[in-house]
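One structure below.
The values are calculated or read from the model by the stated rules, or taken from the named source; none is laboratory data. Everything numeric here is computed off the predicted structure, so don't read it as measured data. We place every Cβ from the backbone using ideal geometry, glycine too, and count neighbours over all the protein chains shown.
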Amino acid sequence: MRKIAVINQKGGSGKTTTVVNLGAYLAEKGKRVLLADLDPQSHTTIHLGMEPPSVRNSVYDVLIKKMPVSEAVSETYQKNLFLLPSKIELASAEIELVNEIGREIILRDMLRKYRQNFDYLIIDCPPSVGLLTLNALTTADEIFIPIQAEFFALEGLTKLLQTIEIIRDRLNTSLRISGIIITMYDERKNICRDVAAKVTDHFGKKVFKTRIRENVRLAEAPGFGKAVKDFAPGSHGADDYRKLAAEVLKKKEERR
Ligand SMILES: Nc1ncnc2c1ncn2[C@@H]1O[C@H](COP(=O)(O)OP(=O)(O)OP(=O)(O)O)[C@@H](O)[C@H]1O
Ligand SMILES: [Mg+2]
């Protein structure tokens, strides 16, 4: 199983949009995909058409009450796509876990006991590097970082990379950044081309060739509880995420 954490502590960089749409395309290609919504904002959960208040068991129950993952995982409307949903209770999980031994590795532990076969685990992280994100980083082998093609995109990236290094040294030696995704790209804007060039200078081949263009359909799809491939199949957004999924399937993993 490929285990991917989608992280960027910068808010609104396209994490959730990437998790849902990449996951949906991989599932459509016949891969069994488990999405884990580790964000108390529950955007992945909502994007897949579930209302957090009506979610019975969530990732909160898994992390805090040690509920077996099997009892919290839901099917989604898309065949082969499963979700470990989130609800607002998750906002207090970081405080509730503060005195717990091994609090950074609870998710990894609970998933190990979950004997279901998936080809992909994709984790959506909140826009912060707290305990929830640490749990994602100890569970995953790979990190995808979506970077919005705009001026502030590179702010804070150095700090994020340092944090990843520390996690790798201390908690998860198999962790590596395997994909950088440029999001909300507009070819006509100098700033977008500049940021894309800087990101490519720094990360080289780790940057996916597919750039996710700015596309209003991607922003509308969550309101309809669907991935863009089902909401607006002919859109640029659908096109770009289809191509990204193909790259993810194909991309030879490079070790850092
Ligand atoms: N390529 C795109 N074109 C247009 N709008 C987009 C695109 N990607 C994402 N959006 C919109 O931008 C906003 C932020 O995207 P998203 O929620 O995926 O980011 P995020 O990193 O998960 O945010 P957060 O840090 O709050 O969790 C959302 O309203 C989303 O619908
Ligand atoms: Mg999000």
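Here's the yes/no breakdown for (1) of a type in the set (Gly, Ala, Ser); (2) within 16 Å of ligand 2 (Cβ to nearest atom); (3) at pLDDT 95 or above; (4) on the phi > 0 side of the Ramachandran plot:
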position: 2; (1), (2), (3), (4): no, no, yes, no
position: 16; (1), (2), (3), (4): no, yes, yes, no
position: 20; (1), (2), (3), (4): no, yes, yes, no
position: 24; (1), (2), (3), (4): yes, yes, yes, no
position: 46; (1), (2), (3), (4): no, yes, yes, no
position: 57; (1), (2), (3), (4): no, no, yes, no
position: 71; (1), (2), (3), (4): no, no, yes, no
position: 75; (1), (2), (3), (4): no, no, yes, no
Of the conditions (1) of a type in the set (D, E, K, R); (2) touching a residue at least 12 places away in the same chain (Cβ under 8 Å); (3) closer than 24 Å to residue 11 by Cα, the single one that residue 79 does not satisfy is (3)
When residue 66 is evaluated against the numbered criteria (1) over 17 Å from the mean Cα position of the chain (by Cα); (2) within 16 Å of ligand 1 (Cβ to nearest atom), which criterion, by number, is the only one it fails?
(2)
Top-ranked residue of region 171-225 - restricted to ones that are within 16 Å of ligand 2 (Cβ to nearest atom) and small (Gly, Ala, Ser), ranked as nearest to residue 155 (Cα to Cα):
219
Residues that are within 16 Å of ligand 1 (Cβ to nearest atom) and modelled with pLDDT of 95 or more: list the helices (runs of 4 or more DSSP H) wholly contained in region 137-256 that include at least 2 such residues.
190-203, 216-220, 228-231, 236-250
When you go through 16, 44 one by one, which is the residue that is within 12 Å of ligand 1 (Cβ to nearest atom), under 16 Å from residue 77 (Cα atoms) and in contact with an Asp or Glu (Cβ under 7 Å, 6 or more places away or on another chain)?
44
Residue pairs, Cβ under 7 Å, 6 or more apart or interchain, first in region 223-242 and within 15 Å of residue 44 (Cβ to Cβ), second buried (at least 17 other Cβ atoms within 10 Å of the Cβ) and among the hydroxyl-bearing types (Ser, Thr, Tyr). List them.
228/235; 228/241; 241/25
Taking region 178-222 only, how many residues are of a type in the set (Val, Ile, Thr) and surrounded by fewer than 19 Cβ atoms within 10 Å (Cβ to Cβ)?
3
Count of residues meeting criterion [within 14 Å of ligand 1 (Cβ to nearest atom) and of a type in the set (Gly, Ala, Ser)] in region 19-41
3
